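Quick notes on the structure that follows.
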Amino acid sequence: MALSREEVRKVALLARLELTDDEIDEQAKHINDLLKTFETLQQLDVTGIEPTSHSIPIVNVLREDRTLPSLPREAVLANAPEARDGCFIVPRIVEG
Amino acid sequence: MGTLTDWTAHEALERMGRGEVTSRELTQAALERIASVDSEVKAFLTVTPEEALAQADTIDARRKRGEPVGLLAGIPLALKDNLCTTGVKTTAGSQILHNFVPPYDATVVRKLREAGAVLIGKTNLDEFAMGSSTENSGFFTSRNPWDLTRVPGGSSGGSAAAVAAREVPLALGSDTGGSIRQPASLCGVIGLKPTYGRVSRYGLIAYASSLDQIGPFSRDVTDCALLLNAISGHDPLDSTSVDLPVPDFTAACIPDVKGLRLGVPKEYFGAGVTAEVAEAVWGAIDYLMELGATVEECSLPTTEYGLAAYYILAPAECSSNLARFDGVKYGLRTKELAGHIGLTEKTRDEGFGAEVKQRIMIGTYALSAGYYDAYYKRAQQVRTLIRLDFERAFETFDALLTPTSPVPAFKIGEKSDPLEMKLADVCTLPVNMAGLPGISIPCGFANGLPVGLQLIGKAFDEATLFRIASAYEQATDWHQRCPALSV
């Protein structure tokens, strides 16, 4: 199974990466090479095998619902490329 | 007695305790060493001399007043630059975080401050810890102190090189598929990946959260145990850190392997392992037998599928973790005018390097509708099989012995094919998939380049690894060899 350039473009959109035409070609080659190596996994019989998402058994970790101190707002906003009036600034989303 | 920069941390601690040397002297010696060799080795992205000397003076004053000091009081230490440090730039080796100054400390950083360590700087890495050579760093490639035309390994290549080059006695790295053990092997130092959950990941810039673990680099086994003591333990800020008692790992450094049963999985000596590496590793295995361990060959049959499964799971987790870099909250923002989605897309295109983009793409694809079962779920099932292989082996054995890296340090630019580069981690990544502890210790040389022996232990049994490593270290002098830097 090989991915077309159009399919690679669709994945790039899902991943929020604006790729140039050259990059799309590069990515298509790389993904298709990797998919070939992934084919070996189809040889294994995994019937009835539970998937492992974590190596150690993890259960929900709960704590009492109480307010804890958090970072001051200025410290959080200090790294923002653009901030004003205690908010992160983003491009206009709604026209009008 | 050697120079100050040749001392191990425990040796320096003893000397400080006896009043023979101060932390300021040790810190100054480390800074001078960095000033003289780091233009060649290029281990550091950031060095913080003023902060380091101020920390050193604080510790010296406390010692002078006879006040209690921490486990690592006054010892210069380097941090991989994916560990958040309050007020000190933390880039994860990426242009997308070129100007990020964290407002908080990673838990390990907080613990090191409490232990009195002198934080001297931040080391280079492959971008977001994705790579095996530091060639994927968004800034520059670090060099192997044993041969400056070769890579130090990666992704924690800067930390490994800094310890090998005597710039610092101790450093921290992170290991997702071998990123501590492989560079330790290539640079001839000790590197440990603790059991998953042993050390808090809070404040480690995430790559693949179910595989990432922070761990120490050092030049001898006692120092490795000392640093693990300082960083281990449960942390409410990381819900995957485990609430188990932390033993004193320095007390586990008993140089005695009599009666231990050690397994040698045959699959780890397969294609790709060079004859010189195999020879050095078998030499070490023979030595452990002479020292009284029982050694037997064993099989971990799913090993050959590990690489493929890893390169589905790790990219899948990374595609999710790296979604946070959107040009809004921190880091780079494109200068181009674009709408809301365009801003994110352009920022990410400008800020991420080629390897990171590839992993985000493959991860996004593996998780997308219609392919989830064929790739992601199947890889997780293979992960179960790998875990069960280890569980079966540990019914018979106390630890397993393998090469750390199939090859010694390779030339900068030599592995231009990303798939070939990924083979560098073939002996280390199954250990992350199973969440087990693994340590690499120096076990010889191949054509003048260091070779590492990997010891793999049962979950939360780092103690046995320290015991075996101590026995081997006491009987050999590989760890005392020092690269002949021409400066």
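Does B:Glu25 fit the bill of being among the charged types (D, E, K, R), under 25 Å from B:Gly173 (Cα atoms) and part of a helix (DSSP H, G or I)?
Numbers: among the charged types (D, E, K, R): yes; under 25 Å from B:Gly173 (Cα atoms): no; part of a helix (DSSP H, G or I): yes.
So B:Glu25 does not fit the description; no.
Could you pull out the residue among B:Gly191, B:Gly178, B:Gly157, B:Gly173 that is under 10 Å from the mean Cα position of the chain (by Cα) and on the phi > 0 side of the Ramachandran plot?
After applying the criteria, what remains is B:Gly178.
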* If B:Leu419 passes every condition in (1) crowded, with 19+ Cβ neighbours inside 10 Å; (2) within 12 Å of chain A (Cβ to nearest Cβ) but one, which one does it miss? -> (1)
* Structure fact -> In region A:36-57, residues that are buried (at least 18 other Cβ atoms within 10 Å of the Cβ) and either within 24 Å of B:Met421 (Cβ to Cβ) or within 18 Å of the chain's Cα centre (by Cα) (or both) total 2
* Structure fact -> The correct count of residues that are farther than 10 Å from B:Ile312 by Cβ and either among the aromatic types (Phe, Trp, Tyr) or more than 10 Å from every other protein chain (Cβ to nearest Cβ) (or both) in region B:374-395 is 7
* Condition test on B:Gly327, is it surrounded by 20 or more Cβ atoms within 10 Å (Cβ to Cβ), under 23 Å from the mean Cα position of the chain (by Cα) and over 17 Å from B:Asp373 (Cα atoms)? -> no
* To do: Output the helices (runs of 4 or more DSSP H) that fall wholly within region B:220-324 and possess 2 or more residues being away from chain A (no Cβ under 14 Å) and at positive phi, or say none.
  => none
* To do: Mind counting the residues in region B:99-127 that are more than 14 Å from every other protein chain (Cβ to nearest Cβ) and either of a type outside the set (Asp, Glu) or part of a loop (DSSP other than H, G, I, E, B) (or both)?
  => 20
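Within 30 Å of A:Pro81 (Cβ to Cβ), modelled with pLDDT of 95 or more and part of a helix (DSSP H, G or I): is that true of B:Ile34 in this structure?
So B:Ile34 fails the test.
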* Which of the residues spanning region B:26-55 are under 12 Å from B:Val118 (Cα atoms) and surrounded by fewer than 18 Cβ atoms within 10 Å (Cβ to Cβ)? -> B:Gln28, B:Pro49, B:Glu50, B:Glu51, B:Leu53, B:Ala54
* Structure fact -> When B:Gly272 is run through (1) within 28 Å of A:Leu44 (Cβ to Cβ); (2) in contact with a helix residue (DSSP H, G or I) (Cβ under 7 Å, 6 or more places away or on another chain); (3) modelled with pLDDT of 95 or more, the failure sits at (3)
* Structure fact -> Within region A:1-20, the count of residues that are surrounded by fewer than 18 Cβ atoms within 10 Å (Cβ to Cβ) and within 18 Å of B:Phe352 (Cβ to Cβ) comes to 4
* Could you tell me whether region B:295-310 includes any residue that is surrounded by fewer than 17 Cβ atoms within 10 Å (Cβ to Cβ), of a type in the set (Gly, Ala, Ser), out of contact with any Cys (no Cβ under 9 Å at 6 or more places or on another chain) and modelled with pLDDT of 95 or more? => yes
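Just to be sure, is B:Ser320 at pLDDT below 95 and among the polar types (S, T, N, Q)? Walk me through how you get there before you give the answer.
Values: at pLDDT below 95: no; among the polar types (S, T, N, Q): yes.
Judged against the criteria, B:Ser320 is not a match.
Take B:Leu343 and decide whether it is at the interface with chain A (Cβ under 9 Å from one of its Cβ atoms), over 27 Å from B:Glu391 (Cβ atoms) and part of a helix (DSSP H, G or I).
Values: at the interface with chain A (Cβ under 9 Å from one of its Cβ atoms): yes; over 27 Å from B:Glu391 (Cβ atoms): yes; part of a helix (DSSP H, G or I): yes.
So B:Leu343 fits the description; yes.
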* Looking only at residues in region B:462-487 that are of a type in the set (Asp, Glu) and in contact with a strand residue (DSSP E or B) (Cβ under 8 Å, 6 or more places away or on another chain), which one is farthest from B:Pro194 (Cα to Cα)? -> B:Glu473
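The values are calculated or read from the model by the stated rules, or taken from the named source; none is laboratory data. Treat the numbers as computed from the prediction; the structure is a model and nothing was measured. All Cβ positions, even for glycine, are placed from backbone atoms using ideal geometry, and neighbour counts span all protein chains on display.
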